[in-house]
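Asker: Shown below is the structure under consideration.
The values are calculated or read from the model by the stated rules, or taken from the named source; none is laboratory data. Remember, predicted model here, so these are calculated numbers, not experimental data. As a convention, Cβ positions derive from the backbone with ideal geometry for all residues, glycine included, and neighbour counts pool all protein chains shown.
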Amino acid sequence: MSQISIVIPAYNAEEVLTETLLSVQNQTFTDWELVIIDDGSQDGTFNLASSFAQSDSRIRVVHQTNTGVAGARNKGVAEISSGSKAVIFFDHDDLWRPDALQVLWDALANNPDSVGAHALGLLVETSAKGRTFTTHQGTTVDWKRRKMVRAFGTTQTIFCSRTEPTTFNVQVYDGCVCTPGLMLVRREALDRLGLFDPSVVPCDDWDMWVRLSLLGDVVFVDDILLNWCVYGGNSSLNKEKMGQGVSDIRRKMFTLPGLTPEQQLLAHTRYRRMYASVERHNAQDAFSWSRLLFSKQKSAAALCYLKMAISLYFRYVALSLAWGPELDRGPIPRRLKDIAFPAELMPETAVSAGEDKDAYLSSHSLL
């Protein structure tokens, strides 16, 4: 019976999986089991994973038809041994520091009332093959670990100390656990949490950590234990999907069961502020485009964007000052520059954005 269960969902991971599995096998903490879920891969992922399993009895490989990363993680939960004390979900292209599991395990052991422990990751741009763990290049990802608090009848945002745990107040501001291989979850807490939500992929892990934080404190380990490897093809690089996922989490967050009235207020306030912030940036973008178009003597297009800027600015003011009785205004808007950049300013690459502009304004009316 292993102390830690590791779940790796793998889809078409043949090119990157070897280094990831080696980083598991090289852990100084050795009392683990690894379940690799081959999520309907069409390359050599299953055969590669099986070769590791044949030489290491701690590793098992399960093949299933493709369900997506959340479904694969859920399958992993069903496949791990019932007696493990903690569980961690590791992406198929990340790398651990050799003592990562030991550090997280010790953090749990030293904080018996905690429901989990997480550390920092280093965002590293690298090639798919030949990856090795590094702490000397890349960007530390911790989102500055800010938290929202209520004080004197207002909602404030303050920085966390480097020793305090990650609570719901931290998670409600921004997900500071950038990839699931940084989070070791106590098994009894995971059993209470339930499964990953496929409807919020690629932010299903953040959703899980938000729900985890409602069960108790998560120990924060101020140390870099993982390389979050970035190269072409990562799902986290898909800006549109990530934006949609963040919007879905923001809306789901203030309707979670078990929230206190204060927690619900914090979640809704963050959603409202983010919604308003996007509209403010969109108003600024539309105004800037209008000025550029006027300078190019494209008056008709310039007036169109000026009208849009005024409309968006008044919506921002309304959202900031008088949100109204509805808690849920729908999905947080996308940045206008991502969907409606003026064709007149990029004639060599852009297509007409008029249809996108009209759709944007009609679908985000406050009326």
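Asker: Would region 113-121 turn up any residue that is without any contact (Cβ under 8 Å) to a residue 12 or more places away in the chain, assigned by TED's automatic domain parsing to the domain that holds Ser23 and closer than 29 Å to Ser277 by Cα?
Answerer: no
Per-residue answers, yes or no, for (1) at pLDDT 90 or above; (2) touching a Cys at 6+ places or on another chain (Cβ under 8 Å); (3) surrounded by 15 or more Cβ atoms within 10 Å (Cβ to Cβ); (4) not aliphatic (A, V, I, L, M):
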{"position": "Asn110", "(1), (2), (3), (4)": "yes, no, no, yes"}
{"position": "Thr126", "(1), (2), (3), (4)": "no, yes, yes, yes"}
{"position": "Lys129", "(1), (2), (3), (4)": "no, no, no, yes"}
{"position": "Thr132", "(1), (2), (3), (4)": "no, no, no, yes"}
{"position": "Gly138", "(1), (2), (3), (4)": "no, no, yes, yes"}
{"position": "Asp142", "(1), (2), (3), (4)": "no, yes, yes, yes"}
{"position": "Val149", "(1), (2), (3), (4)": "yes, no, no, no"}
{"position": "Phe159", "(1), (2), (3), (4)": "yes, no, no, yes"}
{"position": "Pro165", "(1), (2), (3), (4)": "yes, no, yes, yes"}
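Asker: Within the set of pairs 6 or more residues apart or between chains, which connect a residue that is over 20 Å from Arg272 (Cα atoms) inside region 298-316 to a residue that is buried (at least 17 other Cβ atoms within 10 Å of the Cβ) and among the small types (Gly, Ala, Ser) with Cβ atoms less than 7 Å apart?
Answerer: If the second residue must be buried (at least 17 other Cβ atoms within 10 Å of the Cβ) and among the small types (Gly, Ala, Ser), the pairs left are Ala302/Ser290; Tyr305/Ala286; Tyr305/Ser290; Leu306/Ser290; Met308/Ala286.
Asker: Report the residue count in region 219-261 for those that are within 27 Å of Gly153 (Cα to Cα) and either assigned to a loop (DSSP other than H, G, I, E, B) or modelled with pLDDT of 95 or more (or both).
Answerer: Within region 219-261, residues that are within 27 Å of Gly153 (Cα to Cα) and either assigned to a loop (DSSP other than H, G, I, E, B) or modelled with pLDDT of 95 or more (or both) number 7.
Asker: Can you pull out every residue in region 304-325 that is surrounded by 13 or more Cβ atoms within 10 Å (Cβ to Cβ), assigned to a helix (DSSP H, G or I) and not hydroxyl-bearing (Ser, Thr, Tyr)?
Answerer: Within region 304-325, the first condition is being surrounded by 13 or more Cβ atoms within 10 Å (Cβ to Cβ), and the residues that meet it are 304-320, 323.
Applying the additional criterion that residues be assigned to a helix (DSSP H, G or I) yields 304-320.
Of everything in region 304-325, those that are surrounded by 13 or more Cβ atoms within 10 Å (Cβ to Cβ), assigned to a helix (DSSP H, G or I) and not hydroxyl-bearing (Ser, Thr, Tyr) turn out to be Cys304, Leu306, Lys307, Met308, Ala309, Ile310, Leu312, Phe314, Arg315, Val317, Ala318, Leu319.
Asker: Any chance region 86-100 includes a residue that's buried (at least 21 other Cβ atoms within 10 Å of the Cβ) and among the basic types (Lys, Arg)?
Answerer: Narrowing region 86-100 to residues buried (at least 21 other Cβ atoms within 10 Å of the Cβ): 86-97, 100.
Filter once more, so that each one left must be among the basic types (Lys, Arg): 97.
Checking region 86-100: at least one residue is buried (at least 21 other Cβ atoms within 10 Å of the Cβ) and among the basic types (Lys, Arg).
Asker: Same structure, new question: Tell me whether region 297-306 contains one or more residues that are among the hydroxyl-bearing types (Ser, Thr, Tyr), modelled with pLDDT of 90 or more and under 35 Å from the mean Cα position of the chain (by Cα).
Answerer: no
Asker: Can we say Arg329 is crowded, with 16+ Cβ neighbours inside 10 Å, of a type outside the set (Ser, Thr, Tyr) and either part of a helix (DSSP H, G or I) or touching a residue at least 60 places away in the same chain (Cβ under 8 Å) (or both)? Spell out how you get there, then give the answer.
Answerer: Details: crowded, with 16+ Cβ neighbours inside 10 Å: yes; of a type outside the set (Ser, Thr, Tyr): yes; either part of a helix (DSSP H, G or I) or touching a residue at least 60 places away in the same chain (Cβ under 8 Å) (or both): no.
No.
Asker: Name the single residue, out of those in region 258-288 being surrounded by fewer than 18 Cβ atoms within 10 Å (Cβ to Cβ) and small (Gly, Ala, Ser), that is farthest from Asp328 (Cα to Cα).
Answerer: Among them, the one singled out is Ser288.
Asker: Now, a different point. Ala353 passes all but one of (1) at pLDDT below 65; (2) on the phi > 0 side of the Ramachandran plot; which number fails?
Answerer: (2)
Asker: Any residue at all in region 169-182 that's assigned to a loop (DSSP other than H, G, I, E, B), buried (at least 21 other Cβ atoms within 10 Å of the Cβ) and at pLDDT below 90?
Answerer: yes
Asker: OK, next. Quickly run through region 194-215 and pick out the residues that are surrounded by 18 or more Cβ atoms within 10 Å (Cβ to Cβ) and either on the phi > 0 side of the Ramachandran plot or not in a loop (DSSP other than H, G, I, E, B) (or both).
Answerer: Those that are surrounded by 18 or more Cβ atoms within 10 Å (Cβ to Cβ) and either on the phi > 0 side of the Ramachandran plot or not in a loop (DSSP other than H, G, I, E, B) (or both): Val200, Asp204, Asp205, Trp206, Asp207, Met208, Trp209, Val210, Arg211, Leu212, Ser213.
Asker: So which strands (runs of 3 or more DSSP E) are wholly in region 1-92 and hold at least 2 residues that are in contact (Cβ under 8 Å) with a residue 12 or more places away in the chain, of a type in the set (Val, Ile, Thr) and over 25 Å from Glu125 (Cβ atoms)? Let's see the steps before the verdict.
Answerer: Working: elements: 4-10, 32-39, 59-64, 86-89.
In region 1-92, 4-10, 32-39, 59-64 are the strands (runs of 3 or more DSSP E) which contain 2 or more residues that are in contact (Cβ under 8 Å) with a residue 12 or more places away in the chain, of a type in the set (Val, Ile, Thr) and over 25 Å from Glu125 (Cβ atoms).
Conditions (1) within 21 Å of the chain's Cα centre (by Cα); (2) in contact (Cβ under 8 Å) with a residue 12 or more places away in the chain; (3) within 27 Å of Asp99 (Cα to Cα), marked per residue:
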| position | (1), (2), (3) |
| --- | --- |
| Gly138 | yes, yes, yes |
| Trp143 | yes, yes, yes |
| Gln156 | no, no, no |
| Phe168 | yes, yes, no |
| Gln171 | yes, yes, yes |
| Arg186 | yes, yes, yes |
